[in-house]
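The next block holds one structure in the form of structure tokens; read it before the comments.
Throughout, read-outs are computed from the coordinates displayed, never taken from laboratory work. In this text the structure is predicted, and so the values were computed from the model without any measurement. A quick note on method: Cβ atoms are made from the backbone with ideal geometry, for glycine too, and the neighbour counts reach across all protein chains shown.
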Amino acid sequence: MQSTQLYLRQFWRLVAIFAVAVSLNYAWEIGQAFLYVGMDYAKGIWWHCFVASLGDGVLLWIIHLVGWGVFRRSDWFMLPKRGRYAVMLATGMLIGIAVEWVAVHLLQRWQYTDAMPLLPGFGIGLVPILQMLILPPVIFAIVAKLDRRGVMGARASYKLQ
């Protein structure tokens, strides 16, 4: 019975990470849309940004899985310490740089307007990199708060090592 509750809690934690990530990243995507060529029209921006935010939700799952692997616990972000933030930020930065570089230079999926500040030496946008640095700690903090309040099942107290 206890293992079933643990699996359910882990499942709902993953659902919450994705839902919160999509919501916050959608707002970020809308806010930065003017920095991309062709995103100055209102008709397709909402859908395009929504699809991008779904991808961002998956990227948050990857950050979560990296943390889970490093700390060997699914709730590693519940009471983050410096090392946990370091893993979160380092993974977010690597993912952000990789996704932007591949999308811009290899796949040519998007281009930037002149308003986009670029990461020196990489030729990729600084704003989407900041997105993967700023939003993950916020998203994980929201999910941790929801989890502690019992939104995803029974309340739990966390004593992380």
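A few points about this structure:
- Selection over the stretch 17-41 of residues that are among the β-branched types (V, I, T) and farther than 28 Å from M78 by Cα gives a count of 2.
- Residue satisfying all of: in the stretch 28-61; of a type in the set (F, W, Y) and part of a helix (DSSP H, G or I); farthest from Y7 (Cα to Cα) among these: F34
- Screening M39 against (1) without any contact (Cβ under 8 Å) to a residue 60 or more places away in the chain; (2) within 18 Å of the chain's Cα centre (by Cα) leaves a single unmet condition, (2).
- Scanning the stretch 98-111 turns up at least one residue that is touching a residue at least 12 places away in the same chain (Cβ under 8 Å), crowded, with 16+ Cβ neighbours inside 10 Å, within 17 Å of N25 (Cβ to Cβ) and among the aliphatic types (A, V, I, L, M).
- Scope the stretch 112-151; condition surrounded by fewer than 17 Cβ atoms within 10 Å (Cβ to Cβ), in contact with a helix residue (DSSP H, G or I) (Cβ under 7 Å, 6 or more places away or on another chain), touching a residue at least 24 places away in the same chain (Cβ under 8 Å) and part of a loop (DSSP other than H, G, I, E, B); matching residues: T113, A115, F122
- Condition check for L8: under 23 Å from L89 (Cβ atoms), part of a helix (DSSP H, G or I) and not basic (K, R): no
- Hey, W47 touching a strand residue (DSSP E or B) at 6+ places or on another chain (Cβ under 6 Å), surrounded by fewer than 17 Cβ atoms within 10 Å (Cβ to Cβ) and either in contact (Cβ under 8 Å) with a residue 24 or more places away in the chain or farther than 20 Å from P137 by Cβ (or both) or not: no
- Subset tally (residues that are part of a helix (DSSP H, G or I), more than 14 Å from the chain's Cα centre (by Cα) and exposed (fewer than 14 other Cβ atoms within 10 Å of the Cβ)) for the stretch 62-91: 4
- Of everything listed in (1) surrounded by 13 or more Cβ atoms within 10 Å (Cβ to Cβ); (2) closer than 17 Å to E100 by Cβ; (3) touching a residue at least 60 places away in the same chain (Cβ under 8 Å), the single unmet condition for W12 is (2).
- Selection count where residues are among the hydrophobic types (A, V, I, L, M, F, W, C) and within 8 Å of the chain's Cα centre (by Cα), scope the stretch 45-61: 4
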